[in-house]
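The values are calculated or read from the model by the stated rules, or taken from the named source; none is laboratory data. All of these numbers come straight from a predicted model, not from anything done at the bench. Backbone-built Cβ (ideal geometry, glycine too); neighbour counts: all protein chains shown. For accessibility, only protein heavy atoms count, side chains too; no ligands or nucleic acids. Shrake-Rupley method; radii C 1.70, N 1.55, O 1.52, S 1.80 Å.
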Amino acid sequence: MSTSQGSKVVLVTGASSGIGEACAELLSVRGHIVYGTSRQLQVKPSVGYRMLELDVTRDESVRAAVRTVLEREGRIDVVVNNAGHALAGAVEDTSDEEAWRQLDTNVMGVLRVCRAVLPSMRERRTGRIINIGSLGGVVGLPFQGFYSASKFALEGLTESLRQEVEAFGIQATLVQPGDVRTGLTRSRVRAAAAGESSAYRESFEKVLSIIEKEEGDGVAAEVVARKVAEVMEEEDPRVRYSVGKWMQRAAVVAKPLLPSQTFEGILMSMFGLKRR
Ligand SMILES: NC(=O)c1ccc[n+]([C@@H]2O[C@H](COP(=O)([O-])OP(=O)(O)OC[C@H]3O[C@@H](n4cnc5c(N)ncnc54)[C@H](OP(=O)(O)O)[C@@H]3O)[C@@H](O)[C@H]2O)c1
């Protein structure tokens, strides 16, 4: 793929708000042919990109959206796997169904999209897949266990995929944002058992309010969109790029360098959690 010039056909999942919307807007302003997606078809007449209906938890929905882009444009050069949601609750308070729903969207959703776009990318021997991970996929966050699990899974999946598709001229990369001001905070799902009777109630509420405040003070979605655009233009993209506040990105660098108990102690004190 010629990465430094020309208009590319880009599919951005989850473009109805937040990071996906910012990516779709920025990339279309930069002259790319952009298809954004949402579970509910939305008409956005004032923007320069098209919206398609796509639910990443339904294979047929994913395949239909990809088919539409391929029929209209003849190719998909770049996929931004961005659609996702966040589940909050202690690991112990998480039901099988809640855990599965989190993984179904954030991990299996990426798999479904990759499976749908890779045949045409392989055929053309070019393509780029940008998965939106999270710094929560490098550092396990308290009371976001299955959100972190889903993003840790994306780390491994992207590393594996990358090695498999390289020979076909396809590059897979992760963009790992720290806290970003988006709709994720508002749409966060709380585990049903995280209510009054939870043994974790007090610390859960304390940690969640810190997390939500950090997200509210986070960087604008456009900052992540600019990073995605930058990665798209890289001739030879790395496996991962972090983006966000310096302090949060520093945690990723510090984790393998500090003794694990020191690192964990710092993290716990940031969330107001006490050691025994
Ligand atoms: N905000 C942060 O601090 C932060 C930090 C690190 C990583 N991230 C990641 O960034 C990505 C985007 O999140 P955001 O912060 O921009 O949140 P957001 O504003 O809530 O946007 C989430 C997007 O995902 C879509 N979506 C949710 N479930 C879907 C499904 N089953 N199928 C298809 N689309 C679905 C939503 O579209 P519809 O509801 O219209 O279908 C929406 O467009 C997520 O993967 C998130 O984990 C966010």
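Among the trypsin sites (Lys or Arg not before Pro) within the stretch 141-197, which fall in a DSSP loop and have no more than 15 other Cβ atoms within 10 Å of their own Cβ?
none
Taking the alpha-carbon distance from Lys151 and a cut-off under 26 Å, which lysines remain once sequence neighbours fewer than 8 residues away in the same chain are dropped?
Qualifying lysines at Cα under 26 Å: Lys206, Lys213, Lys227, Lys245, Lys255, Lys274.
Just the number, please: carbon plus sulfur as a percent of the accessible area of the stretch 123-167, 1.4 Å probe, no ligands or DNA/RNA counted.
With neighbouring chains kept in place, the figure for the stretch 123-167 is 51 percent.
Using Cα springs under 10 Å in a Gaussian network model of the chain, which residue among Arg112, Arg201, Arg39 shows the largest mean-square fluctuation?
Arg201
Roughly what would the spin-label model give for Glu164 and Arg39, points 7 Å off Cα along C-beta, in nm?
Modelled inter-label distance: 2.7 nm.
Enter the accessible area per residue of the chain (Å², integer; probe 1.4 Å; all protein chains in place).
Result: 48 Å² per residue.
Between Asp217 and Ala193, take the C-beta separation as r, use R0 = 30 Å, and let me know the FRET efficiency to the nearest 0.05.
Efficiency at R0 = 30 Å is approximately 0.55.
Hey, could you pull the Cα Rg and Dmax for the chain, both in Å?
For the chain, the Cα radius of gyration and maximum Cα-Cα distance read 18.7, 60 Å.
If each residue of separation counts as 0.36 nm, what is the full-extension length gain between Arg125 and Trp100 once their alpha-carbon separation is subtracted?
Net length gain for the segment: 5.6 nm.
Give the dimensionless ratio obtained when the Cα radius of gyration of the stretch 1-160 is divided by 2.2 N^0.38 Å.
The reported ratio for this selection is 1.05.
Multiplying the sequence separation of Ala64 and Asp236 by 0.36 nm and subtracting their Cα-Cα distance, what value in nm do you get?
Length difference between fully extended and current span is 58.9 nm.
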